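There's a structure below that I have some questions on.
The values are calculated or read from the model by the stated rules, or taken from the named source; none is laboratory data. Just so you know, these numbers come straight off a predicted model, no measurement behind them. Cβ sites come from the backbone with ideal geometry, for glycine too, and all protein chains shown count toward neighbours.
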Amino acid sequence: MIKISSSRLLALMLFILSVGIITSCDKDDDEVTSDKIQLFSFGPTGAKHGDTIRFIGVNLNKVTAIQFTGTNATVNQSDFKTQTSDLIKVIVPQGAEQGYVTLKTPEGDIVTKTKFNLDVLTTVTSITAQARPGQNVTITGTFLNWVDRVTFSRDKTVDIFVSKTQTQLVVKVPDDAETGPLVLHYTGTDSNYVQTADTLKVTLPLTTSMSPNPVKPLTNVTITGTDLDLAKKVIFVGASAPVTTFVSQTATQLVVQVPNTAKKGKLTLEAASGVKTISSNDLDIVLPVITSFSPSPINLAADLTITGTDLDLVKKVIFSGVAPAVTTFVSQSTTQLVVKVPAGARKGKIKVEAASGVQTTSSGDLDVILPTIASMSPNPIAPGGQLTVTGTKLDIVNSVTFENAPAVTSFVSQSATQIIVAVPNGVLRGKITLGIINPTDTIRSADILEIIGAAPPPVVALPFYNDAITANWNGWLGGGWGGTKDLNNPSPVREGTKSCKIDYSGGWGSPLQLGGANISLSPYTTFKISIFGGAGTAGKKISIVFNGNNTVANGIPAGSATSVSNYTITLGAEGQWTDYAIPFPSFSAGSTTTTLQEIWIQEYNGTGGFTIYIDAMGLN
């Protein structure tokens, strides 16, 4: 055993101990008569079992027995060590406990007015090795009748006992008890604790098997094991809360409904103590499976029938492409799910998602029917002319968009294979875009529609941008400041399929910077760039800055090989492309700049707040 701590009695008791005798009479009893039996005092208190204590009074020779509190705690007259009229000496019996002492006499009992206490040392020799909550634990030892409470692991205290004797203590295991040593608190003149050297192992519920496995959400799973009646919670992987209400429960079998969001994983059982036990095997969860779908190919917004197993578990259907997940179905059963094909769906695999968030994927691809453009005629065409677009599935087209013009939604004629549309005024050369019945879907032509009367793109001998930044710049592309850039802008374009969009949000901004080059200008004479002005750009100015600064007076001497130079462009008409060819001498310090290392496209006015598009940039 382990003795943990002690607490001394109050100062008054210490004083009494120092005196060594307990006064047993009030002042009214001080008058002594010749024949009356009187007890004045007894003690010392704090004696141990087997010690001799004294009773002092008058006519004590008439006392026939002294009865201590406790079992088998009476000392008969024949066992007194000493008995005279004024003194009795007795040995404290082993059964004596804290309490009043009674002197037996022919004239009646004399009971002490104060309690007698003892100095005891409780010991533990053994405890029950293992027990279930609610079962009894037997503790053996000495002076266990002095124990007033037993504390289980994590401060679970019991102060009501099944039975208690000097050598044996029986206590019931609390429902929330945990495995650990026991701590016994006992009373006496020197109250104390003793901890058991051995550990009480508290039985926990254990899982041996689960059936069925796999199991379908919202159906019952039967857990087989031992001491399952001790389980208070069943925890499933993926479930937001443990299951605390069971279909049925015995010591060997626990039936519980599987939560809708449960995922594959181990089961956890939790006892009243909060201690958890985990199954050795995983519980597998049934998931929806796609075996086929039809029709395929299928039109957007048409009904797709998905066939499979456990499809009643599906909460979402996810299509390839940019379509949002579909959560509302035309119909749903265990073996069949009907869903409308959403806008943005493209050819690819279908995924179905259960309430747990786990997805299963179809083995085959769903082919989504989209319009195709086979040809455009005539090409080139003049604004105001009628353009014939041929292809497939053109009957689901609801708009045709030309470069630099609003979408056209009213057609001369339309069928599944042909659309005739009038070309608006002001359009530019470029690809056309077909809008599909659902506005999130568009189809872009592979060919460029040439516009009669529009100037062809300029010829650039050494391009710097050709649908992307070219390799002249060794991959260096500065982030710039005062705005943003988009190097993959699809419209408007001057040549190819992309342009660079520049939004100036701050004054003197330069969102587009190219650097890391070392281009000799000696073979060339002109810098070329095409600029499309957005709304509000007419009259705005931008600077084409060579070699990293827009002023010669910034510490770079004129005449050096890397002298800075710039040229300011005043933007013209909005909503159209303007081609610029700038001879090198037009740049400040241009006559002395021989090597090109950087280019900035910088806002000049210091106001910002407008958008331009650039294309066909390079040297000639």
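Which condition does residue 528 not pass, out of (1) within 28 Å of residue 443 (Cβ to Cβ); (2) part of a strand (DSSP E or B); (3) touching a Pro at 6+ places or on another chain (Cβ under 6 Å), if it passes all the others?
Failed condition: (1).
Residues that are touching a Ser or Thr at 6+ places or on another chain (Cβ under 7 Å) and touching a residue at least 40 places away in the same chain (Cβ under 8 Å): list the strands (runs of 3 or more DSSP E) wholly contained in the stretch 53-133 that include at least 2 such residues. I'd like the intermediate steps shown before the answer.
Numbers: elements: 65-67, 74-76, 87-91, 102-104, 123-127.
By residue number, 123-127.
Okay, next question. Here's a check for you: in the stretch 574-620, which residue that is of a type in the set (Phe, Trp, Tyr) and part of a strand (DSSP E or B) is farthest from residue 469 (Cα to Cα)?
Of the stretch 574-620, the ones of a type in the set (Phe, Trp, Tyr) are 577, 580, 584, 587, 600, 604, 610, 613.
Those still in the list that are part of a strand (DSSP E or B) too: 577, 580, 600, 610, 613.
Working: 577: 20, 580: 19, 600: 13, 610: 23, 613: 14 Å.
Selected residue: 610.
Let me ask something else about it. Going by the conditions given, is residue 524 on the phi < 0 side of the Ramachandran plot, surrounded by fewer than 19 Cβ atoms within 10 Å (Cβ to Cβ) and more than 41 Å from the chain's Cα centre (by Cα)?
Details: on the phi < 0 side of the Ramachandran plot: yes; surrounded by fewer than 19 Cβ atoms within 10 Å (Cβ to Cβ): yes; more than 41 Å from the chain's Cα centre (by Cα): yes.
Criteria met by residue 524.
List the strands (runs of 3 or more DSSP E) inside the stretch 414-466, counting only whole elements, that have at least 1 residues being touching a residue at least 60 places away in the same chain (Cβ under 8 Å) and not hydrophobic (A, V, I, L, M, F, W, C).
Numbers: elements: 418-422, 428-436, 442-444, 462-465.
The strands (runs of 3 or more DSSP E) meeting that bar are 428-436, 462-465.
Right, residue 300: crowded, with 17+ Cβ neighbours inside 10 Å and at pLDDT 95 or above or not?
Numbers: crowded, with 17+ Cβ neighbours inside 10 Å: yes; at pLDDT 95 or above: no.
Against the criterion (crowded, with 17+ Cβ neighbours inside 10 Å and at pLDDT 95 or above), residue 300 does not qualify.
Give the residues of the stretch 99-120 that are hydrophobic (A, V, I, L, M, F, W, C) and crowded, with 16+ Cβ neighbours inside 10 Å, sorted by residue number.
Taking the stretch 99-120 as the starting set, the residues that turn out to be hydrophobic (A, V, I, L, M, F, W, C) are 101, 103, 110-111, 116, 118, 120.
Correct list: 101, 103, 110, 116, 118, 120.
The rows are residues; the columns are (1) within 34 Å of the chain's Cα centre (by Cα); (2) surrounded by 16 or more Cβ atoms within 10 Å (Cβ to Cβ); (3) free of Cβ contacts under 8 Å to residues at least 12 places away in the same chain.
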residue	(1), (2), (3)
327	yes, no, no
349	yes, no, no
355	yes, yes, no
358	yes, yes, no
367	no, no, no
370	no, yes, no
373	no, yes, no
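I'd like the residue in the stretch 384-419 that is out of contact with any strand residue (DSSP E or B) (no Cβ under 7 Å at 6 or more places or on another chain) and under 21 Å from residue 497 (Cα atoms) and, out of all such residues, is surrounded by the fewest Cβ atoms within 10 Å (Cβ to Cβ).
Looking at residues that are out of contact with any strand residue (DSSP E or B) (no Cβ under 7 Å at 6 or more places or on another chain) and under 21 Å from residue 497 (Cα atoms), I get 406.
Considering every residue within the stretch 292-304, establish whether at least one is over 18 Å from residue 369 (Cα atoms) and β-branched (Val, Ile, Thr).
No, the stretch 292-304 has no match at all.
Among the residues of the stretch 572-617, count how many are more than 23 Å from residue 402 (Cβ to Cβ) and in contact with a Gly (Cβ under 6 Å, 6 or more places away or on another chain). Show your work before the answer.
Here is the first cut: in the stretch 572-617, the ones more than 23 Å from residue 402 (Cβ to Cβ) are 580-610, 617.
Next, from what is left, pick out any that are in contact with a Gly (Cβ under 6 Å, 6 or more places away or on another chain): 584, 592, 598, 603, 606-608, 610.
Qualifying residue count, the stretch 572-617: 8.
Let me ask another. Tally up the residues in the stretch 237-292 that are surrounded by fewer than 16 Cβ atoms within 10 Å (Cβ to Cβ), touching a helix residue (DSSP H, G or I) at 6+ places or on another chain (Cβ under 7 Å) and under 23 Å from residue 360 (Cα atoms), please.
The qualifying residues number 0.
In contact with a strand residue (DSSP E or B) (Cβ under 6 Å, 6 or more places away or on another chain), assigned by TED's automatic domain parsing to the domain that holds residue 229 and among the aliphatic types (A, V, I, L, M): does that describe residue 355?
On the way: in contact with a strand residue (DSSP E or B) (Cβ under 6 Å, 6 or more places away or on another chain): yes; assigned by TED's automatic domain parsing to the domain that holds residue 229: no; among the aliphatic types (A, V, I, L, M): yes.
In short, no.
Then there's this: Among (1) within 15 Å of residue 127 (Cβ to Cβ); (2) of a type in the set (Val, Ile, Thr); (3) surrounded by 17 or more Cβ atoms within 10 Å (Cβ to Cβ), there is one condition residue 215 misses while meeting the rest; what is its number?
(1)
Can you name the residue in the stretch 527-541 that is of a type in the set (A, V, I, L, M, F, W, C) and buried (at least 17 other Cβ atoms within 10 Å of the Cβ) and is also farthest from residue 503 (Cα to Cα) among such residues? Can you show your working first?
Going through the stretch 527-541, the residues of a type in the set (A, V, I, L, M, F, W, C) turn out to be 527, 529, 531-532, 535, 538.
So of that shortlist, the ones also buried (at least 17 other Cβ atoms within 10 Å of the Cβ) come out as 527, 529, 531-532.
Numbers: 527: 22, 529: 17, 531: 13, 532: 12 Å.
Checked the stretch 527-541; the qualifying residue farthest from residue 503 (Cα to Cα) is 527.
Follow-up question, since we're still on this one. Condition test on residue 96, is it in contact with a Pro (Cβ under 9 Å, 6 or more places away or on another chain), modelled with pLDDT of 90 or more, surrounded by 15 or more Cβ atoms within 10 Å (Cβ to Cβ) and under 22 Å from residue 144 (Cβ atoms)? Outline the logic, then answer.
Values: in contact with a Pro (Cβ under 9 Å, 6 or more places away or on another chain): no; modelled with pLDDT of 90 or more: yes; surrounded by 15 or more Cβ atoms within 10 Å (Cβ to Cβ): yes; under 22 Å from residue 144 (Cβ atoms): yes.
Considered against the rule, which asks whether it is in contact with a Pro (Cβ under 9 Å, 6 or more places away or on another chain), modelled with pLDDT of 90 or more, surrounded by 15 or more Cβ atoms within 10 Å (Cβ to Cβ) and under 22 Å from residue 144 (Cβ atoms), residue 96 comes out as no.
Under 7 Å between Cβ atoms, which residue pairs at least 6 apart in sequence (or on different chains) link something in the stretch 166-181 that is farther than 12 Å from residue 136 by Cα with a partner that is hydrophobic (A, V, I, L, M, F, W, C) and assigned to a loop (DSSP other than H, G, I, E, B)?
Between residues of the stretch 166-181 that are farther than 12 Å from residue 136 by Cα and residues that are hydrophobic (A, V, I, L, M, F, W, C) and assigned to a loop (DSSP other than H, G, I, E, B), the close pairs are 166/143; 176/272; 178/275.
Let me ask another. Collect the residues in the stretch 593-610 that are among the polar types (S, T, N, Q) and either surrounded by fewer than 18 Cβ atoms within 10 Å (Cβ to Cβ) or in contact with a Pro (Cβ under 6 Å, 6 or more places away or on another chain) (or both), keeping them in residue-number order. I'd like the intermediate steps shown before the answer.
Applying the first criterion (among the polar types (S, T, N, Q)) to the stretch 593-610 yields 593-595, 597, 602, 605, 607.
Hits for the stretch 593-610 are 594, 595, 605, 607.
Now for a different question. Is it the case, given these coordinates, that residue 308 is at pLDDT below 95, surrounded by 15 or more Cβ atoms within 10 Å (Cβ to Cβ) and assigned by TED's automatic domain parsing to the domain that holds residue 293?
Working: at pLDDT below 95: no; surrounded by 15 or more Cβ atoms within 10 Å (Cβ to Cβ): yes; assigned by TED's automatic domain parsing to the domain that holds residue 293: yes.
No, not satisfied.
So which of 62, 48 ends up being closer than 18 Å to residue 189 by Cβ and charged (D, E, K, R)? Walk me through how you get there before you give the answer.
Numbers: 62 fails: closer than 18 Å to residue 189 by Cβ.
Criteria check complete, one pass: 48.
Spot the failing condition for residue 126; the list is (1) over 20 Å from residue 193 (Cβ atoms); (2) polar (S, T, N, Q); (3) at pLDDT 95 or above, and only one is missed.
Among (1) over 20 Å from residue 193 (Cβ atoms); (2) polar (S, T, N, Q); (3) at pLDDT 95 or above, the lone unmet condition for residue 126 is (1).
Looking at this structure, is residue 222 within 27 Å of residue 154 (Cα to Cα), surrounded by fewer than 17 Cβ atoms within 10 Å (Cβ to Cβ) and not assigned by TED's automatic domain parsing to the domain that holds residue 154? Before you say what the answer is, go through the steps one by one.
Values: within 27 Å of residue 154 (Cα to Cα): no; surrounded by fewer than 17 Cβ atoms within 10 Å (Cβ to Cβ): yes; not assigned by TED's automatic domain parsing to the domain that holds residue 154: yes.
No: the conditions fail for residue 222.
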